[in-house]
Amino acid sequence: MVKLFILPALLLAIFSVHSATITVSTDRNPVSLGEAFKLIFKVQGSQHDEPDFTPLNENLRLLGTSQSSAVSINNGKTSRAITYILTVSPLQQGELVIPAISFGSDTSEPVTVKVQPADDRPQPGDSGQSRQTDNEQLFLIIKPDVAEPYVQQQVILKVKIYSQTRWTKADLTRIKFKGTAAISRQIGKEKTYKAQHQGKKYTVTELRFALFPQASGDLTILPFRLTTRIAAAALRAQPAHTTRTTHSKPVKLTVKPIPASFTGKHWVIARDIQLQEAWSSELAELQAGEPVTRTLAMIGDGVGVGQLPGIELEDRPGIKTYPDQPTNQEQAGQQGLLSTRTQKFALIPSDSGIHELPAIEIPWWNSTTDKMETAVVPAVNLNVADVSATAAAPPQMHNPTGTDKPDTAQTPPAHKAPESWYRPDNASRWLLLSSLALSLLWLITLNAWWQARKAPPKESPHNPPPDAPENPAKARRNLCEACKTNHPEDIHIALLNWARAIWPEHPPRSLEALAQRLAPPLSDEIQSLSRHLYSGHPTDWDSRIIDQQAAQFTAAANSRPQATSASLEPLYR
C-alpha cells in the first residue's frame, strides 16, 4: 500500500524538476497602433516541445522571429535558457492580451500590452501631440503622457523621429520651455524600431524625457529642431550629402496647482511611495545603554530624489535619537525616475522596559489614482533589559556541612536589606561596579564621538574655510560671476559663501546640506553639482538654473526682513 503512494510522488517530483519556467516581456509598453515592438519569451529549464505561436495571429502581425540559447554552470549544476524574440505589430488599439503560448507541456502566462492610437496628425483642439507635416520622409512627433499634470508631477515626453531615408549625422536641439518654470532630463537610451504611419513604413528613433513643472499655469514645450545629413544620389554632379532641417510644433501643457484636499506637510506626487525599515539588532534583545541602528528607506517611483521629504525622528522618553546624514540614489529608466532616500538613526535607550515608537506616516499624492495616500511604517515596541539584570549570577558555593540549608553567608537572599548588599564578601558587588564603570566609559566615548561629528570639517578645496559671512547681495553677485565661468569648483565655493550669508547663524557646510534647505529646481541642480564633484563620473548640471533660482531666493529673503534667516521658506511648496 505504501508503494502505491510512493510511485506517484516520485513521478510528480521528477516532473517538477524537469518542468520549464517561461517568462514573457516586451521591449516597450505601451505602444502605438501600427508600431513594431518585440515580444520576448524566455524558457529556463528543459523545454518539452517547440512553441506554438499561432494564437498570436488573432491580434498581432508577425514581422520576424529570432532565437538564442545560453548555458550556465552554477555550483556544478548546468542550466540552459532559450530566448525567442518575435517582432510584432498590433492590429487594434486598447488593452491587448498576449495569450498563453504552449511549449509542449509547459505554458506561458498571459500578459497585457496597452496599444495607444496611432501617432497621426493631431485632431482639432488636440495639443497632446505635434508633428511637422510638410515633409513626409522626415518628421517629428512630440507626445507627453499627461496633458494636465499637477505641479512637480513627472511628465514623460516622447520625441519620435520618423524617417524613410538614412542619415549619417543628426543634431536635435535641447528641450526648451515657455511660460511657467520646469526642469527636465533625458531618461533611458534612444530606441530604433520599424513602424507604420498613415499606411507607410518608417524607421523610428525614439527619445524620452522626464519633465517636472515647478509652478501651476501654462507651460509650452517649444519646437524641437532636427538637422540631418542625408546621403544623396550617387551622381558625380551632386554633393555627397544633403543637409535637411525639420521641426516639431509647440506642445502646451496646463499645470494644475496642489489640490485643496491634500493635507500633508510636504507636497509629494508620484506613481508610488514606499517606506521600509531595518534594525541592526533584535528588538526583544536590547539592553539599556547599548545603541541600536534603525535604517529607514523611502522609495519613490516617478519622482526626483530632491522631491522626497526628509524623515525626522524625535527623542522618546528614555530613548535618545542621533540621525546620520541621508544617502540618496536616483535611477532613470524608460518609465521615468526611481529615487531612494536612505537614512540611519542611532537609538540609545537609557531606561529598561518596553518603549513604544510611534508609526511613521508620509502623506503623498498618487498621480495614477488622483488621490492622497499615506506611506506608513507601523509602530514598534523596543524591549529593553536592564544591563545589571543580564549580568551573570554569582556561582553557588558548596555547603561543607552536607545539609540542604543554603549558606547565607556566601549567597545573600534577594530580599535582604541594602546594607547587606555592600558586604565585601558579596561577589555581585564587584560585578555591578564593573558594569557601571564600563557603561560610564562607553558613554564618555560616545559623547566624544558625537562632539567630533558636530565639529566643522577640515579645510579642503571642497570645504572652504568659514570666513566672516558676506552681505547676501554681495554673495549673490559673487555666485553670479562664478556661474558665468561654469567652473564647478568655483560655483561650489560661491554657493557655500552665499549660504553663509543667508543663514549666518547656522550655515550649511556641504552642498548636500544646502540642498536639504532648498526646493527644486535649485536643490536638484545643487545635488547634481555635488554628484559631479564627488562621484568621480561626470554628471549633467546647469549653472544657469543655479544662478536664476539663487537670485529669486535672495530676493525673497530680502523682502521679508521680519523673518529670521533660519525660517526662510522654499520657493515651491
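The values are calculated or read from the model by the stated rules, or taken from the named source; none is laboratory data. Because the structure is a prediction, the values reported are computed rather than measured. Glycine gets a Cβ as well: all are built from the backbone with ideal geometry, and neighbour counts include every protein chain shown. Please note that ligands, DNA and RNA were not included when accessible areas were found on the heavy atoms of the full protein model with its side chains. Shrake-Rupley method; radii C 1.70, N 1.55, O 1.52, S 1.80 Å.
Strictly over 18 Å apart at the Cα level, which of 169/249; 200/249; 158/189; 42/191 would you flag in this model? With Cα atoms farther than 18 Å apart: 169/249; 200/249; 42/191. In loop segments of the stretch 267-315 as defined by DSSP, the GluC sites (Glu not before Pro) with at most 15 further C-beta atoms inside 10 Å of their C-beta are 282, 285, 312, 314.
To the nearest 10, the accessible area of residue 327 is 80 Å² with a 1.4 Å probe. Residue 115 contributes an accessible area of around 10 Å² to the protein surface, as traced by a 1.4 Å probe with all chains present. Solvent-accessible surface (1.4 Å probe) assigned to residue 220 amounts to roughly 30 Å². What separates the Cα centres of the stretch 485-556 and the stretch 156-197 is a distance of 29 Å.
Hey, which of these cross-link pairs are over 30 Å Cα-Cα: 114/178; 114/160; 320/474? Long pairs (Cα-Cα over 30 Å): 114/178; 320/474.
Surface listing: 532, 266, 197 arranged by accessible area from highest to lowest gives 266, 532, 197, probe 1.4 Å.
Quick one: which residues, 5+ away or cross-chain, put their amide H under 5 Å from the amide H of residue 28? H built at 1.01 Å from N. Result for residue 28 returns 38.
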